[in-house]
Amino acid sequence: MAEIAKLSIGFAAVIFALALSDACALAENAPPAPLASPEIYKVVAETMELRVIKAIWQPGQEDKFHSHPADQITLYQTDCHLRLTGLDGSSIVVSQSHGEAAVRMGKPIPGHKVKNIGENVCALWILELQK
């Protein structure tokens, strides 16, 4: 259980970098992940309070620009080596290991796209709190 609670410093840096721009304006210009790239983001359960999404990128696969609500938990099912690119073209590389988790609370995650730059499939779960 301690592994799941571990906050990823790399993921937090990505979110911080993306949030430096006008987060509200960027989020308004990008649809939610499951609408933008349904081939990658599959909603597997949803209530009025919570949405559970399974996301899978093949090596070299990139999704479309999207955003996320303010509160979410990401659980990494596999090792992932990803490049996140903001709407302004800035990018950051993030590497997460199987079993790690990242927690994001407060502001919506602004528009960005994600590319699997690793050699293996990247699979993760996203738990989004609905407001």
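Filter the range 28-76 down to residues that are of a type in the set (D, E, K, R) and more than 14 Å from the chain's Cα centre (by Cα) and give me whichever is modelled with the lowest pLDDT.
Across the range 28-76, the extreme among qualifying residues is Glu28.
Has the range 93-114 got any residue that is hydroxyl-bearing (Ser, Thr, Tyr), in contact (Cβ under 8 Å) with a residue 40 or more places away in the chain, under 22 Å from Ala45 (Cβ atoms) and out of contact with any Ser or Thr (no Cβ under 8 Å at 6 or more places or on another chain)?
Residues of the range 93-114 hydroxyl-bearing (Ser, Thr, Tyr): 95, 97.
Then drop every residue that is not in contact (Cβ under 8 Å) with a residue 40 or more places away in the chain, which leaves 95.
Those left that are additionally under 22 Å from Ala45 (Cβ atoms): none.
No, every residue in the range 93-114 fails to be hydroxyl-bearing (Ser, Thr, Tyr), in contact (Cβ under 8 Å) with a residue 40 or more places away in the chain, under 22 Å from Ala45 (Cβ atoms) and out of contact with any Ser or Thr (no Cβ under 8 Å at 6 or more places or on another chain).
What number goes with the only condition from (1) within 22 Å of Pro31 (Cβ to Cβ); (2) in contact with a strand residue (DSSP E or B) (Cβ under 6 Å, 6 or more places away or on another chain); (3) among the aliphatic types (A, V, I, L, M) that Met48 does not pass?
(2)
How many residues are among the basic types (Lys, Arg) and modelled with pLDDT under 95 when one looks only at the range 77-109?
Just the residues of the range 77-109 that are among the basic types (Lys, Arg), to begin with: 83, 104, 107.
From what's left, modelled with pLDDT under 95: 104, 107.
Residues in the range 77-109 being among the basic types (Lys, Arg) and modelled with pLDDT under 95: 2 in total.
Which of the residues spanning the range 66-92 are among the small types (Gly, Ala, Ser), under 18 Å from Leu127 (Cα atoms) and free of Cβ contacts under 8 Å to residues at least 60 places away in the same chain?
Going residue by residue through the range 66-92, those that are among the small types (Gly, Ala, Ser) are 67, 70, 86, 89-91.
Keeping just the survivors that are under 18 Å from Leu127 (Cα atoms) gives 67, 70.
Scanning the range 66-92 gives a single hit, Ser67.
If only one of Leu87, Leu129 is surrounded by fewer than 15 Cβ atoms within 10 Å (Cβ to Cβ) and either among the aliphatic types (A, V, I, L, M) or closer than 14 Å to Pro34 by Cβ (or both), which one is it? It would help to see each step written out before you state the result.
Details: Leu87 fails: surrounded by fewer than 15 Cβ atoms within 10 Å (Cβ to Cβ).
Checking each option against the conditions leaves just Leu129.
The values are calculated or read from the model by the stated rules, or taken from the named source; none is laboratory data. All values derive from a computational prediction rather than experimental measurement. No Cβ is skipped: glycine too gets one built from the backbone with ideal geometry, and neighbour counts run over all protein chains shown.
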